1. Could you please give the count of residues in the stretch A:312-338 that are surrounded by 14 or more Cβ atoms within 10 Å (Cβ to Cβ) and among the charged types (D, E, K, R)?
2. Might you let me know whether the stretch A:81-94 holds any residue that is within 20 Å of A:GLY179 (Cα to Cα), among the hydroxyl-bearing types (Ser, Thr, Tyr), part of a helix (DSSP H, G or I) and without any contact (Cβ under 8 Å) to a residue 60 or more places away in the chain?
3. Please work out if A:ILE247 is among the β-branched types (Val, Ile, Thr) and farther than 28 Å from A:ARG144 by Cα.
4. Just checking: which of the helices (runs of 4 or more DSSP H) contained wholly in the stretch A:95-187 hold 1 or more residues that are under 24 Å from the mean Cα position of the chain (by Cα) and over 28 Å from A:LEU220 (Cα atoms)?
5. Quick one: is A:ILE204 among the aliphatic types (A, V, I, L, M) and not assigned by TED's automatic domain parsing to the domain that holds A:SER159?
6. Between a first residue in the stretch A:300-320 that is closer than 15 Å to A:ILE343 by Cβ and not assigned by TED's automatic domain parsing to the domain that holds A:ASN235 and a second residue that is within 16 Å of DNA strand C (Cβ to nearest atom) and among the basic types (Lys, Arg), which pairs have beta carbons less than 6 Å apart while being 6 or more apart in sequence or on different chains?
7. What pairs come up if the first residue lies in the stretch A:339-353 and is outside any helix (DSSP H, G or I), the second is surrounded by 14 or more Cβ atoms within 10 Å (Cβ to Cβ) and not aliphatic (A, V, I, L, M), and their beta carbons are under 7 Å apart, counting only those six or more places apart or on different chains?
8. With respect to A:TYR53, determine if the residue is within 14 Å of DNA strand B (Cβ to nearest atom) and outside any loop (DSSP other than H, G, I, E, B).
Amino acid sequence: MPKIVPYFPNKLISWYLQNKRELPWRNTANPYHIWLSEIMLQQTRVLQGLPYYLKFVEAYPKVEDLAKAPEDEVLKLWQGLGYYSRARNLHTTAKMVSEEMNGVFPDNHKNLLKLKGVGDYTASAIASICFNKPEAVVDGNVYRVLSRVFGISTPINTSTGQKEFKQLAQQLIDEKQPGTFNQAIMEFGARYCVPQNPDCGNCIFNDNCVAFQQKKVAELPVKIKAKPVKKRFFNYLVILSENERTILQQRMGKGIWHKLYEFPLIETSEEVNLSTLKKLQQFQDFAKKINIETISLFNEKPVVHKLSHQHLNTQFWIVETLEDSENTVPISEIGNYAVPVLIADFVSEFFENY
DNA sequence: AATTCGGGGGT
DNA sequence: ACCCCAGAATT
């Protein structure tokens, strides 16, 4: 184990109190608010999550309000934040706390872990911030700070690495102010011990930082490379009926965007032209139900929507029809549905002057 | 233990 | 292009 610096927590907290950002979930110990913020900030930058937090607190002042909301409404408010299972689990947990726990969140790590969408990190965050329990959090910031200060080169995305860093964080935590310590080390990682080009020359820890002493700051933390991203090819059929209606479908299977809405989709193994598209069985099945008047490609070059693990090469096919088929919605009401950013961007571009 | 879940921002 | 972000659930 690395040599523990006894004053590390005090120095860290001192830095935090002078440099912390004022955020709406700071200076509160309301478990509902802390839980909400922690779910939203999973794998998400503070500045990206902040407007969503404000929207949710206004729309759902109490956990009971969130519990009573329809799932589609919650997903719509979450639209654009990504990782939509968080929104579905958020809603599930709100209902559980509201209906089965008398609206009271669990006050310890073990029981917090039982909540959907709450893992080791979030359970520790809530337990420490709301209930003053000495549970150390380990997030991306903590990995970076500890790997550098203590010179630990164990890969952070392995189970042994996760155990090692968790144990170290647990040794370091200030048991008298665990919530403040946890927020301090994360804030320090987010604002000072940043991934690239940190200002080590002026760092409060540079006398003791192993990475700085050994000039290995840029090498830490160590992370095993991810696999290359997959390319997928999406063809959306954008129906336009004479009375200004279109077809939206809810994604129901596994995979990305579960329970969000989109236009009828035909996925292919490569980019297709109109003549190839028309030969596909999926297209012909679709054409049996819809009386297609005209069809044309909206975007000459595919829109490449980049997710962390796949690139979606997307073509939008404009399909004009005369009469309505089943399940159409007014074009003016598309904005009421939770859709992926890929769809939202197309809608705002295409229908802006429609 | 490895994979899969978004989207935005920085370099 | 590649990396990272106040991770969790599923395979």
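The values are calculated or read from the model by the stated rules, or taken from the named source; none is laboratory data. Remember, it's a predicted structure, so these values are computed and weren't measured experimentally. Heads up, the Cβs are rebuilt from the backbone with ideal geometry, glycines too, and the neighbour counts pull from every protein chain shown.
1. 2
2. no
3. Values: among the β-branched types (Val, Ile, Thr): yes; farther than 28 Å from A:ARG144 by Cα: yes.
Taking the combined requirement at face value, the residue satisfies it.
4. Answer list for the stretch A:95-187: A:109-112, A:120-131.
5. Spelling it out, it is not the case that A:ILE204 is among the aliphatic types (A, V, I, L, M) and not assigned by TED's automatic domain parsing to the domain that holds A:SER159.
6. none
7. A:VAL339/A:GLN79; A:VAL339/A:TYR261; A:VAL339/A:GLU262; A:PRO340/A:TRP257; A:PRO340/A:GLU262
8. yes
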